[in-house]
Structures are given as structure tokens and as C-alpha cells.
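The values are calculated or read from the model by the stated rules, or taken from the named source; none is laboratory data. Because the structure is predicted, anything quoted here is derived from the model rather than measured. Counting neighbours? That spans all protein chains shown, and the Cβs are built from the backbone with ideal geometry, glycine included. Remember, those area values only see protein heavy atoms, side chains included, never the ligands or the DNA or RNA. Shrake-Rupley method; radii C 1.70, N 1.55, O 1.52, S 1.80 Å.
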Amino acid sequence: MEGPETGTEKQLRLVCFELRRQELAFSIADVRETLPLLPITHVFLTPPWLAGIFSLRGEIVPAIDLAVLLGLSRTIVGDDARVVVIEQGAKVAGVLVER
């Protein structure tokens, strides 16, 4: 393995968050921003992992409950809860995290 001074070693940069006392992360390249919890509107007849939608500066963004996707109960929304806005190409989603 070559050192960083040669410019050949690739660094992995992450945005870390907490869910059920577990530290998880997204690649920083996929994260647009991290926000305090926004008002989320529930949408009827959607999968349980879709917490709803929210408006982000006029853009309607789906809010995904990662805990439900992982087979856990809904995300606990407390004072430290956040929305991590991720982006893959033209697709944008907000992921609910506890901290």
C-alpha cells in the first residue's frame, strides 16, 4: 500500500449517524446535506418504510425510515433526530436518523 503522499491511496469519507445505538454511515459523496427534522406529510397507501414526503426549498422529497427498512420499529423522533438528504444521480431522498 502506498502512502497518501504519492496520491494513489483513496480515502473513504463518510457521514456518520446513529440508529438504535448503532453507528452507521453513508458515503459523503452521496450526501447532499443533513437537516434538523422537517415537517413530514404522511402519504396513504405507501410502504411502511416511507415515512412520508417533505418540501426542501420547493422540491418534494420522499422521507425514508431506515429503521423500518432494516426490520426494526419506526425511528424514534427526538430532539437529536435528523434528515440526511442523499442524492444518486437525479434521485433524491431524505433518510430519517435518530442522531
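See the values below:
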quantity: Accessible area of the chain divided out per residue, in Å², using a probe of 1.4 angstrom; calculated: 69
quantity: Rounded FRET efficiency, nearest 0.05, which uses the C-beta distance separating ARG21 from VAL92 and R0 of 35 Å; calculated: 0.80
quantity: Extended-chain gain in nm, criterion 0.36 nm per residue less alpha-carbon gap, LEU56 and GLU9; calculated: 13.3 nm
quantity: Paramagnetic label zone (point 7 Å from Cα along Cα-to-C-beta, HIS42; backbone N under 20 Å) in the range 55-79; calculated: 55, 61-79
quantity: Accessible surface ranking that places the most exposed of LEU69, LEU12, LEU37 first, with a 1.4 angstrom probe; calculated: LEU12, LEU69, LEU37
quantity: Share of carbon and sulfur in the accessible heavy-atom surface of the chain [1.4 Å probe, %]; calculated: 56
quantity: GLU33 paired with ARG99, simple spin-label distance in nm, labels 7 Å along Cα-to-beta-carbon; calculated: 2.5
